[in-house]
Each structure stands twice: as C-alpha cells, then as structure tokens.
Amino acid sequence: MYDDILLPTDGSKGTTETVDHAISIARDNDATVHVLYVVDSRRYRAAEPDTKDEIVKSLEVEGERAIEDLRVDLEDAGLVVETEMRDGIPHREIVDYVGEAGIDLVTMGTHGRTGRDRVQNLGSVTDRVLEDVHTPVLVVDIGD
C-alpha cells in the first residue's frame, strides 16, 4: 500500500513518536523512508548581510545532524532510507517533495497548539501541508 513514506524533520527531540509510527508502517509495507529537512529561509532572510552566511551554515549543520540521526535510527531498524536537505519555506518544500518523489504517505508531528499560540505561529507546518498535499498524512501529536 505504501512504497515511499516521507518523514520531514525539524531536528526537534519531540519527533520520537512520529519516527516510531513511520518505522512500523515502513516495516509492514517494505517501504522506503524519505527523511527531509528544510533550512527555513525565513530564519535568515531578514538577517544582516554580515551574519546571514553564519546563520545559514548553523541551520545546515543542524539539518545534517537531524538527518543523520534519523538515517541511523531507520537503517538500524532495517529500513531503506533516502535523505535530502532543501532550502525554502518548510511546508512548500514538503509539498513539492511529495509530488517529486512519489510519496504515498507523509508522517508528521504536531504540537497541538491552539488559541493564541496557534495564531502567533501563523498555523503549523503540518496544518499547511494538510491543506496543500493530496497524499495521506499521518499526524502524530508530539505535545510541547
């Protein structure tokens, strides 16, 4: 049923539950797990020119670490893994990757924010992916 599963990551520690679901589903379906990290261009666009390169490099190092940690966990679970790092707006890059890679299922976490927190964060990446992707999405509540 699922041949290619996307596991986007932002490097946060709260993704353990999401990873566990992705591993279980991938094992049951003999699927490839795609790990995607997006260097969020909004985090460095407004930076001063003399600090922009340093910020980008820091975000890339964070992404490389996040990707490598997941790659190791997924391969240790006996799964085939593909990894990619992109630069841009996270929800847009995730949606683009889904179409380009022929993803059958997206597994993502959400913090379950409501009210002021949700408005302050302009909606979550997960919410925006849900609006724009035409592939099943498994949303896992990872709390705060």
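The values are calculated or read from the model by the stated rules, or taken from the named source; none is laboratory data. As the structure is a prediction and not an experimental result, all values here were calculated from the model. Neighbour counts run over all protein chains shown; Cβ positions are idealised from the backbone, glycine included.
Are any residues in segment 25-42 assigned to a helix (DSSP H, G or I) and over 10 Å from Gly88 (Cα atoms), and if so, which ones? Within segment 25-42, Ile25, Ala26, Arg27, Asp28, Asn29 meet the criteria. Taking the conditions exactly as written (of a type in the set (Asp, Glu), touching a His at 6+ places or on another chain (Cβ under 8 Å) and at pLDDT 95 or above), does Glu93 satisfy them or not? So Glu93 does not fit the description; no. Considering only segment 87-106, state which residues are under 21 Å from Tyr2 (Cα atoms), free of Cβ contacts under 8 Å to residues at least 60 places away in the same chain and in contact with a helix residue (DSSP H, G or I) (Cβ under 6 Å, 6 or more places away or on another chain). Answer for segment 87-106, where residues must be under 21 Å from Tyr2 (Cα atoms), free of Cβ contacts under 8 Å to residues at least 60 places away in the same chain and in contact with a helix residue (DSSP H, G or I) (Cβ under 6 Å, 6 or more places away or on another chain): just Val95. Just one of the listed residues (His34, His111) is within 25 Å of Glu131 (Cβ to Cβ) and at pLDDT 95 or above, and it is His34. Evaluation of Ala47 against the conditions (1) assigned to a helix (DSSP H, G or I); (2) among the hydrophobic types (A, V, I, L, M, F, W, C); (3) at pLDDT below 95 shows that the sole unmet condition is (1).
Residues checked against (1) part of a helix (DSSP H, G or I); (2) surrounded by 13 or more Cβ atoms within 10 Å (Cβ to Cβ):
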| site | (1), (2) |
| --- | --- |
| Thr51 | yes, no |
| Glu54 | yes, no |
| Leu59 | yes, yes |
| Gly63 | yes, yes |
| Ile67 | yes, yes |
| Val72 | yes, no |
| Arg86 | no, yes |
| Thr107 | no, yes |
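Looking for something in contact with a His (Cβ under 8 Å, 6 or more places away or on another chain), in contact (Cβ under 8 Å) with a residue 24 or more places away in the chain, under 19 Å from Thr110 (Cα atoms) and surrounded by fewer than 19 Cβ atoms within 10 Å (Cβ to Cβ) - is there at least one such residue anywhere in segment 15-32? Explain how you work it out, then say what you get.
Here is the first cut: in segment 15-32, the residues in contact with a His (Cβ under 8 Å, 6 or more places away or on another chain) are none.
No, segment 15-32 has no match at all.
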